[in-house]
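Student: Following this message is one structure expressed as structure tokens.
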Amino acid sequence: MKLETIRKIPNILTVIRALLVPIFMIIIIFNNPNGGAFRIFEQDYTVCIVGAAIFLLISLTDMFDGKIARKYNAVTDFGKFLDPIADKLLIMGGMLALIVYYTQRTEWRGYNVLILSMIFSLFIVIARELAVTSLRMICKDSGGPVIAANMAGKIKTVSQVVFIIAALIEPWVFKALFYLIGFDYQKPIQYITYASLVVMTAMTVYSGINYFVIYWPYLKGKKKDGNE
């Protein structure tokens, strides 16, 4: 394969990641057990397992496109711009699908608290992304660099992926374990889900603040060296 072709792969993977998000959302949302929606899968655990697998696969493209871009010196401003957008679509779409999924299953004890927590966290995610996007625009207008994701931003993204996958499969994992030992335990166990939600929300806030600390000189209309 030609080097020029290889260098196009990271951006192609990023575009594919953005396009696959609606497919994941359709699988999760259009499986209302109370009727009124077309059901792709009959069993809830199938919905969650397939959805989690697709979500993980989509998320892994972010790691692969980054490795390829660095290995073959294919890091571009277009990639720096598009990659965060694809990540936003993935996480916001994933959280929105989860909120709809759990809202359809409010008879499950404890889910109302989780739904409210996810709505609050999604608001924080959206607020953070809007703030950082505005910062990117200001930085560009001030002659600054294209703002790429730093380590705090990457950890934030990983924590968001972990939360979404945990929220999908944790109740079914524990239910299967209880079934294997002879117990029919109906109440969903979601310790990992709640813990990962707290970590995700904290990292979302921290990474947003971190961006503003780093690029504050551009926000004030100054360069990083302090000159006007």
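Read-outs throughout are calculated quantities, based only on the coordinates presented, and are distinct from any laboratory measurement. Predicted, not measured: the structure shown is a model, and the values here were computed from it. Heads up, the Cβs are rebuilt from the backbone with ideal geometry, glycines too, and the neighbour counts pull from every protein chain shown.
Student: So between ILE126 and ILE209, what do we pick up on full extension, going 0.36 nm a residue minus the alpha carbon distance?
Tutor: 28.5 nm
Student: Measuring from label point to label point, each 7 Å out along Cα→Cβ, what is the LEU116 to ILE54 span in nm?
Tutor: Taking the two extended label points, one gets 3.1 nm.
Student: Just to check I understand the Karplus step: with θ = phi - 60° and J = 6.51 cos²θ - 1.76 cosθ + 1.60, what whole-Hz values come out for region 130-135, glycine and proline as x?
Tutor: Per-residue couplings from phi come out as 5, 5, 5, 4, 4, 4 Hz.
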